Amino acid sequence: MSITHTTFSLPARVLHWAMAVLILAMLFIGVGMVATVSEKHSWLLAIHKPLGIAILLLAIVRLVVRLRNPPPPLPGDLPALQKLAAHLSHWLLYALMIAMPLIGWAMLSAGGYPVMLSHSLRLPAILPENALVFAWLRTAHGVLAYLLFLTFLAHMGAALYHGLIRRDGVLRSMANGRARDPSPLMPDGACVVNERLTD
Amino acid sequence: MHDPQPLSHPPRNGLRWALIAGAVVVAGGAFAYVGGWLTPHRLTAQRLVDELQRNGGGVHPGYRRNHAKGVCVAGYFEGNGKASAYSTASVFAVGRTPVVGRFAIPGGNPYAPDGSVPIRSLALRFNLPNGQQWRTGMNSMPVFPVATPQAFYALQVAGEKDPATGKPDPARLAAFFAAHPETAAFRAWAKTARPSASFVTESYSGIDAFYFIDAKGQRHAVRWQMVADAANGTPAPAGDDNYLIPDLQHRLATGPQRWHLLVTLAHPGDPTDDATKAWPAERTTLDAGTLVLTSEQPQDSGPCRDINYDPTVLPAGIAISDDPLLSARSAAYADSYLRRTREEAHVPGTTAPTRTQPEAAR
Ligand code: HEM
Ligand code: HEM
């Protein structure tokens, strides 16, 4: 018989919240730096590149943690469509948090730029110089960044929906790791009490 | 089936829904604000490049949005070790660093007559052995007309061509200069400047200030200039719109062409954030080595086509100063580069380059 986890593992939760902050920061840094001609452009870009590579490394660790520690199942009474949306959006988030930094690295390589993470630390090129490839990758970096932000908005909205409307313990299983209802097939009224707003 | 939370308190849930919607709207709104969508008057790279494009006579697909007319060159830089006391960049050590460069004239029109402006430019990319790069774009004038990207934008707007005359409105330009006294040094230079007959006889100044960083980590504020060996410039031939490239081909056929890299060291207090102000002439200047250009190629197929000469791409040992033009140039060149490479790549929404118009730059 297999054990059904009722919360995310501690490494999964730490990675989730740390990366949530970092990825959100990267999205804001990204759109901010291309929308300014002030000194901020240069120093935001100088943060953007090493932070993006850090996210790539963390995302790889996170994927391993995810594959080794299955997440708690979604509540059994969640409509099938919502379940599908949850699973698809989660895999989309994983795909984008790995693809975005790889594309950033690849597009600078294709553009013939040295991929400098600091004044002296340079990553090797992962693609040969090719301006046409650069143009497509740079376009993808922008489009996928917006897709990532929209997915984040949906994800945050859904998490709050679980926490505030359904009050089914899904938000809490990532927030503080206290168990949601152990039986995914039972309505989890117990959580409702805990998750009431203090209003 | 189950109803996890019977809607026994609809008003309370209403508040909760409002909270969720509010969180999404605040996050989305903050993103839109940072991205500049709520502040259309903020100066962005896109607006700067749009303005350059307009003054260049519209979109010329595949071409740079400024300094559109040019030619690729290649050669090497021969360092002599004299600047190594001030910068750890290996380009200054004794030895050769390969260079891919580009001569051009300012303006967004790739078919502009060579004599339409008295300015010529030289951009260089040095490929250092450790994989780092030094990119620089230099102009044949000692100072820049303006000190900030906002003033640069205003200058472009003031210089827009009047559709009736096909020329900028002199009154508008006069009003701009009156409002921008920092342009005085540039205007004094422009008064006597004549379009040269050759790229090779010109000297090219980096204009913006940078820092050299030495082995102890000490910063030295510098400006640099490529000074022509062949300084016997002659005025441009009359009645010819395309003489610069034939002249270059002719001279390169007789042998490599040379420039000396002169690096000027600032004194404390010399402005690093104002490209309109020259430093006093008595400042120490070192000869850091020789640029040797050996060949040229057309810009629509040569190696310089796909290079963005972003002046903030620097190797260890050189760093940007607080000159506000540098970040603006980096942002604007990236946007111009993105537009022209997208056009080359036929990314939907862009106009693919047609090479049917005679390549005036040839
Ligand atoms: C999680 C990772 C990343 C995220 C979320 C992200 C996000 C963004 C965003 C939102 C933009 C603005 C796009 C636009 O408006 O067109 C951007 C631009 C950019 N990103 Fe990233 N990025 C990431 C990783 C990287 C990495 C690893 C690099 C390079 C090593 C990189 C290099 C760049 C560059 C060079 C630009 C364009 C700057 C310009 O055109 O002036 N990014 N990024
Ligand atoms: C805020 C001020 C400036 C703006 C907005 C601006 C804008 C531009 C743009 C959009 C390009 C085309 C880039 C490309 O597609 O690769 C360009 C090229 C160039 N600019 Fe500027 N520029 C500014 C200031 C300067 C200054 C101060 C210098 C001189 C030191 C300079 C020298 C050059 C040169 C030499 C090129 C041609 C590079 C090449 O041959 O590829 N610019 N500029």
Estimate the FRET efficiency between B:Ala231 and B:Ala188 by the formula 1/(1 + (r/R0)^6), using the beta-carbon distance for r and 22 Å for R0, to the nearest 0.05. 0.60
Shielding of B:16-29 by partner chains, average beta-carbon count, 10 Å: 4
To test your reading of the geometry: what angle, between 0 and 90 degrees and rounded to tens, separates the Cα axis of helix A:80-110 from the longest principal axis of chain A? 20
Over chain B, what is the relative contact order in whole percent, taking alpha-carbon pairs under 8 Å and six or more residues apart? 22
Quick one: Cα centre-to-centre distance for the stretch A:140-156 and the stretch B:226-305, in angstrom? 46
Please work out the average accessible area per residue across chain A, using the 1.4 Å probe convention, and give it in Å². 49
Extension gain B:Val157-B:Lys277, at 0.36 nm per residue separation less the Cα-Cα distance, in nm? 40.9 nm
A:Ala95-A:Ile47 FRET efficiency (beta carbon distance; Förster radius 25 Å; 0.05 resolution): 0.55
For B:Asp229, enumerate residues with amide H under 5 Å from its amide H, sequence gap 5+ or separate chain, H modeled in the peptide plane. B:Arg258, B:Trp259, B:His260
At a probe size of 1.4 Å, how large is the accessible area of B:Glu202, to the nearest 10 Å²? 30
Taking beta carbons within 10 Å but only from partner chains, what does the mean come to for residues B:300-307? 2
Kindly provide log₁₀ I(q)/I(0) values, in the same order as q = 0.09 Å⁻¹, from the Debye equation applied to equal alpha-carbon scatterers of the stretch A:10-178. -0.36
What are the principal axis extents of the Cα atoms in the stretch B:83-137, in Å, biggest first? 42, 21, 15
Quickly estimate the mean residue ellipticity at 222 nm for chain B, helices only: each DSSP H run with n ≥ 4 gives -39500 (n - 2.57), and the total goes over all residues, rounded to 500. -8500 deg cm²/dmol
For chain B, which whole percent of the accessible surface, found with a 1.4 angstrom probe, sits on carbon and sulfur atoms? 59
Applying a 10 Å radius around every beta-carbon, put B:279-285, A:131-137, B:191-197, A:40-46 in order of their mean neighbour count, most first. A:131-137, A:40-46, B:191-197, B:279-285
Suppose only helical runs count, i.e. DSSP H with n ≥ 4. What mean residue ellipticity at 222 nm does that imply for chain A under -39500 (n - 2.57) per run, divided by all residues and rounded to the nearest 500 deg cm²/dmol? -22500 deg cm²/dmol
Across the residues of A:144-156, average count of Cβ atoms on other protein chains within 10 Å? 2
Charged-residue dipole, Cβ positions (Lys, Arg, Asp, Glu), the stretch A:10-178 about Cα centre, Debye nearest 20: 460
May I ask you to list the lysines whose Cα is less than 22 Å away from that of B:Lys216, ignoring any residue fewer than eight positions away on the same chain? B:Lys82
Helix B:170-179 against the longest principal axis of chain B: what's the angle in degrees, Cα atoms only, rounded to the nearest 10? 80
Got a sec to turn the phi values of the stretch B:221-236 into Karplus ³J(HN,Hα) couplings, 6.51 cos²θ - 1.76 cosθ + 1.60 with θ = phi - 60°, whole Hz, x for Gly and Pro? 6, 9, 10, 10, 8, 9, 9, 5, 5, 8, 8, 8, x, 10, x, 5
The lysines whose Cα lies under 27 Å from the Cα of B:Lys167, excluding any fewer than 8 residues away in the same chain, are B:Lys69, B:Lys191
Separation between the B:Thr284 and A:Asn69 pseudo-spin-labels, each 7 Å from Cα along Cα→Cβ, expressed in nm? 5.9
Members of the stretch A:34-53 that become less accessible by 40 Å² or more once partner protein chains are added (1.4 angstrom probe, chain alone as reference): A:Ala35, A:Val37, A:Glu39, A:His41, A:Ser42
Size-normalised alpha-carbon gyration radius of chain B, reference 2.2 N^0.38 Å: 1.18
Nearest 100 Å², what total accessible surface is buried between chain B and chain A (probe 1.4 Å)? 4400
Helix B:45-55 axis, angle to chain B major axis (alpha carbon atoms, nearest 10°): 50
Summing +1 for each Lys or Arg and -1 for each Asp or Glu, what net charge is found among the other residues whose Cβ lies under 14 Å from the Cβ of A:Met19? +3
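The values are calculated or read from the model by the stated rules, or taken from the named source; none is laboratory data. In this text the structure is predicted, and so the values were computed from the model without any measurement. Using ideal geometry, Cβ is built from the backbone for each residue, glycine included, and neighbour counts are taken over all protein chains shown. These area figures cover heavy atoms from the full protein model, side chains too; ligands, DNA and RNA do not enter into them. Shrake-Rupley method; radii C 1.70, N 1.55, O 1.52, S 1.80 Å.
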